[in-house]
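Everything below concerns the one structure shown next.
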Amino acid sequence: MDRTVHHGLEGVLAGESAICEVDHEIGGLRYYGYEIEDLAEHCSFEEVAYLLLMGALPNPDELFEFKEALVASRPVSQKTIDFLCQVSPSVKRMDVLRTAVSMLGMDESDHEANGHAANLSKAIRLTAQMPALLAALLDLPLDENVRTDPSLSHAAYLLTALTGVRPEPFAVKVINVSLILYAEHEFNASTFAARVTASSLSDLHSAITSAIGTLKGPLHGGANEAVMEMLLKIEAHGDVKQYLEERLARRKRIMGFGHRVLRKGDPRSNIIKAYAKKLGEQTGDERWYKVSTALEALMQHEKGLYPNLDFYSASAYYLLGLPIPIYTPLFVCSRITGWAAHIIEQHDHNRLIRPRCAYTGPKARAFVSLEERA
Ligand code: SDX
């Protein structure tokens, strides 16, 4: 047995997967061999969701059928919606979402089935249900005509559900690109949590509940909300350099920067950054792009750290008028597809995930009865 302890499993190959290749040397990212730049530029989220779940890009007929299945699967049980709406607004939205997904699992007739077809059917349904869940997280009514409208792409349906109005084409493009960028990233913490849960032959909804609980953390998915809170503070503070120096002096983390694997930059960040810039130009509110690029330059100079996907996603969402507490649930809305792909892959070729640890506790010692213990 290798007795080297790799804290945080850093640099450890913890399994095999055919889904996603993160090329940390050159900052490349491919889903089943396709470059993320090509997918973000040329695909709908539906095409990429199909790619992740089926392992190939769909032809026109396959895409039509997949889109039909997503539209048909949009409904969420009224009891789940009622639960979401009666939870106190003070409860973190990710806690409510995690619980709602767990509830949806109980509605599934094949809840305990881990076969490929059952998992695929549950994954498609859960992907389709996410916009209705996110609208309920914001206590927004979802118009029946919107939910049943097959002409709305997944991105357009999501944005309509979250804003109550039919969005402009560019806003749909931004959300579509964001959904593609957030969809999958190899053995990140939440995906690995999902695989550990699936490896015990627990069900897909339990594994995704584990993943949502993991993604919530500010070191992982929770960062995008923290980034926007930080940008608002910097805007109020007025001096980005002074703000940063104060934070770094107190050894505070700057949210949206750094990555365990991508030490030379995140290719996804470059893509969403261009959209954040264009949104600033279109809305006439270029403050956030200016502060963000200033912070990016300072972080590279001071810490040698680069923005990750969460950094520019925050201001893009803000300029789309989306409320900050829905940013990490938006990450879930997309990553459902990557998590499900990994759960299916794990169930199809399973081996229980059970690593060892280096013991650091007391040496073996004689037992002392209660009476003898002082
Ligand atoms: C995501 O894994 C994935 O693929 C995740 C993700 C995905 O698609 O699933 O890409 C999505 O989660 C992106 C990351 C979002 N999180 C954040 O933006 C939170 C801020 N970032 C950090 O906390 C940090 O960069 C991590 C957690 C992302 C990575 O941390 P590591 O690999 O554990 O690095 P580390 O903590 O060992 O830090 C190394 C050094 C330290 O300095 P020293 O203490 O050695 O002097 O870099 C410093 C850290 O203090 N550092 C930072 C920093 N990130 C690292 N300093 C200030 N601000 C930061 N953001």
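The values are calculated or read from the model by the stated rules, or taken from the named source; none is laboratory data. Keep in mind it's a predicted model, so treat the numbers as computed, not measured. Please note: Cβ atoms are built from the backbone with ideal geometry, for glycine as well, and neighbour counts cover all protein chains shown. For the accessible areas, the whole protein counts, side chains as well, though only heavy atoms, and no ligand, DNA or RNA atoms are used. Shrake-Rupley method; radii C 1.70, N 1.55, O 1.52, S 1.80 Å.
For every residue, the table says whether it meets (1) free of Cβ contacts under 8 Å to residues at least 40 places away in the same chain; (2) β-branched (V, I, T); (3) assigned to a helix (DSSP H, G or I).
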position	(1), (2), (3)
L52	no, no, yes
P89	no, no, no
R98	no, no, yes
A123	no, no, yes
T127	no, yes, yes
P131	no, no, yes
A135	yes, no, yes
D139	no, no, no
Scan of segment 118-149 for residues that are open to solvent by 40 Å² or more (accessible area, probe 1.4 Å) and farther than 20 Å from V71 by Cβ, ordered by number: L138, D139
Just the residues that are β-branched (V, I, T) and assigned to a loop (DSSP other than H, G, I, E, B), please, taken from segment 1-48. T4, V5, V12, I19, I26
State whether one or more residues within segment 160-175 are touching a residue at least 24 places away in the same chain (Cβ under 8 Å), crowded, with 24+ Cβ neighbours inside 10 Å and not in a helix (DSSP H, G or I). no
So in segment 193-210, with the set limited to residues that are over 17 Å from R351 (Cβ atoms) and more than 15 Å from the ligand (Cβ to nearest atom), which one is surrounded by the fewest Cβ atoms within 10 Å (Cβ to Cβ)? S206
Going by what's in this entry, would I336 be described as under 30 Å from G115 (Cα atoms) and more than 12 Å from the ligand (Cβ to nearest atom)? yes
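Every residue, every condition in (1) open to solvent by 60 Å² or more (accessible area, probe 1.4 Å); (2) out of contact with any helix residue (DSSP H, G or I) (no Cβ under 9 Å at 6 or more places or on another chain), yes or no:
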residue	(1), (2)
D38	yes, yes
E41	yes, no
E47	no, no
L51	no, no
A56	no, no
N59	yes, yes
E62	yes, no
Scan segment 211-251 for residues that are among the aliphatic types (A, V, I, L, M), under 14 Å from the mean Cα position of the chain (by Cα) and open to solvent by 40 Å² or more (accessible area, probe 1.4 Å) and jot them down. L219
Contact list please: Cβ distance under 9 Å, first residue in segment 209-228 and free of Cβ contacts under 8 Å to residues at least 24 places away in the same chain, second residue β-branched (V, I, T) and more than 8 Å from the ligand (Cβ to nearest atom), pairs at least six apart or on different chains. S210/V196; S210/T197
From the list D266, D310, D285, exactly one residue is more than 22 Å from the chain's Cα centre (by Cα) and either within 11 Å of the ligand (Cβ to nearest atom) or farther than 29 Å from F187 by Cβ (or both). Which is it? D285
Among the helices (runs of 4 or more DSSP H) lying completely within segment 252-334, list those that include at least 1 residues that are without any contact (Cβ under 8 Å) to a residue 12 or more places away in the chain and open to solvent by less than 50 Å² (accessible area, probe 1.4 Å). 287-303
Within segment 12-33, identify whether any single residue is open to solvent by 70 Å² or more (accessible area, probe 1.4 Å), among the hydrophobic types (A, V, I, L, M, F, W, C) and within 15 Å of the ligand (Cβ to nearest atom), and answer yes or no. yes
Output the number of residues of segment 105-117 satisfying the condition of being over 18 Å from T337 (Cβ atoms) and either surrounded by 23 or more Cβ atoms within 10 Å (Cβ to Cβ) or of a type in the set (D, E) (or both). 3
Failed criterion for S190 (all others in (1) in a helix (DSSP H, G or I); (2) away from the ligand (no atom under 16 Å from the Cβ) hold): (2)
Count - residues of segment 226-251 that are assigned to a helix (DSSP H, G or I) and within 11 Å of the ligand (Cβ to nearest atom): 6
